[in-house]
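A short reminder: the numbers here are calculations on the coordinates, not readings from a lab. The structure displayed is predicted, hence computed values, not measured ones. Virtual Cβ from ideal backbone geometry, glycine too; neighbours counted across all protein chains shown.
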Amino acid sequence: MRVKKAVIPAAGFGTRMLPITKAQPKEMVPVVHKPVIQYVVEEAYHSGIKDILIITGKGKRAIEDHFDRTDVNKHNKYLDELDRILNEVNIFFVRQREIRGLGNAVSYAESFVDDEPFALLLGDTITLPPCTKELIDVYNKYKTSVVAVEEVPREKVSLYGIVSCKEIENRIYIVDDLVEKPSVEETPSNLAILGRYILTPEIFDCIRETKPGKGDEVQLTDAMKILNTRERIHAYLFKGRRYDIGNKIDWLKANIELALEDDEVGKEVKEFIRGLEFD
Ligand code: UTP
């Protein structure tokens, strides 16, 4: 079966980005010309996906407004690009009734996904080039769930879900286990889950069986741990760039790097940065 659907969770609090996220969703925070979630929708589209479900929640209405058709008098090239995509995709919305973790957010996608494998893209994370496209290639070869990972410095493992795995071919691994935020002493590896997945629909039963942890939150990593006891999961080492916009430093780096590469503003930003004096 082909991967034809994408799910984008975007209901989380965005506590780490406060006060920026006090009155606006973190997925609407701008990176150069566009809000983060537009990059994520574009990634799904450029990965060949036409049906997209965005999971929203309290205070997230701006996300739905963003994907409405634009007023004809207000066009520019970025809006035109978005409208072109909107003509070709179907975007659906569902509200996570209470914010109870990523696993709980994903459970709201069950009837949309039906009985098909689907791509899961965190709504606050940008990957360049589109990681989802690469994950779909791995899925097409192995027909299992696939989780994208990246190498992180060992002292930072406790910020991530970590996988322990065996390499079977260049950058592709069989997952032995998954651990949410391990300590530096106990971590099985430095391969961190980066926010892009292909999941089989069996994940929904596993989410139902997952016990909530801290703050009554249901962790997706814990549900995947159960999934891994029932069917094989592969990990894929992504070598591109990933920005977690829920973290202020990553958000600033994304703005600087993408602005420097941009056709419209790049030259001026480069000159500006060159002219700055550093200690
Ligand atoms: P995070 O793990 O960054 O959590 O979510 P958060 O609550 O949004 O942010 P902080 O920790 O308070 O700063 C990763 C992605 O999963 C979504 C978020 O919107 C984000 O896109 N998410 C998270 C949900 O949709 N629902 C949840 O219950 C939790």
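At-a-glance table
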read-out: Residue identified as out of contact with any strand residue (DSSP E or B) (no Cβ under 7 Å at 6 or more places or on another chain), exposed (fewer than 15 other Cβ atoms within 10 Å of the Cβ) and touching a residue at least 24 places away in the same chain (Cβ under 8 Å) among 267, 239; value: 239
read-out: Subset of segment 1-42 [charged (D, E, K, R), touching a helix residue (DSSP H, G or I) at 6+ places or on another chain (Cβ under 7 Å) and more than 14 Å from the ligand (Cβ to nearest atom)]; value: 5, 34, 42
read-out: Selection count, segment 71-117, where residues are within 16 Å of the ligand (Cβ to nearest atom), over 13 Å from residue 6 (Cα atoms) and part of a helix (DSSP H, G or I); value: 5
read-out: Residue count for segment 213-222, restricted to those that are more than 14 Å from residue 197 (Cα to Cα) and buried (at least 19 other Cβ atoms within 10 Å of the Cβ); value: 3
read-out: Wholly enclosed helices (runs of 4 or more DSSP H) of segment 157-264 bearing at least 2 residues basic (Lys, Arg); value: 220-230, 248-260
read-out: Count of residues meeting criterion [over 17 Å from the mean Cα position of the chain (by Cα) and farther than 26 Å from residue 173 by Cα] in segment 100-151; value: 5
read-out: Residue 58, sole failed condition from (1) within 15 Å of the ligand (Cβ to nearest atom); (2) out of contact with any helix residue (DSSP H, G or I) (no Cβ under 9 Å at 6 or more places or on another chain); (3) free of Cβ contacts under 8 Å to residues at least 40 places away in the same chain; value: (3)
read-out: Single match in 49, 63 (criterion: touching a Ser or Thr at 6+ places or on another chain (Cβ under 8 Å), under 27 Å from residue 250 (Cβ atoms), away from the ligand (no atom under 14 Å from the Cβ) and among the β-branched types (Val, Ile, Thr)); value: 49
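A quick yes/no check of all residues on (1) surrounded by fewer than 17 Cβ atoms within 10 Å (Cβ to Cβ); (2) hydrophobic (A, V, I, L, M, F, W, C); (3) within 19 Å of residue 174 (Cβ to Cβ); (4) out of contact with any Asp or Glu (no Cβ under 7 Å at 6 or more places or on another chain):
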| residue | (1), (2), (3), (4) |
| --- | --- |
| 224 | no, yes, yes, yes |
| 229 | yes, no, yes, yes |
| 234 | no, no, yes, yes |
| 246 | no, no, no, no |
| 253 | yes, no, no, yes |
| 257 | yes, no, no, yes |
| 263 | yes, no, no, yes |
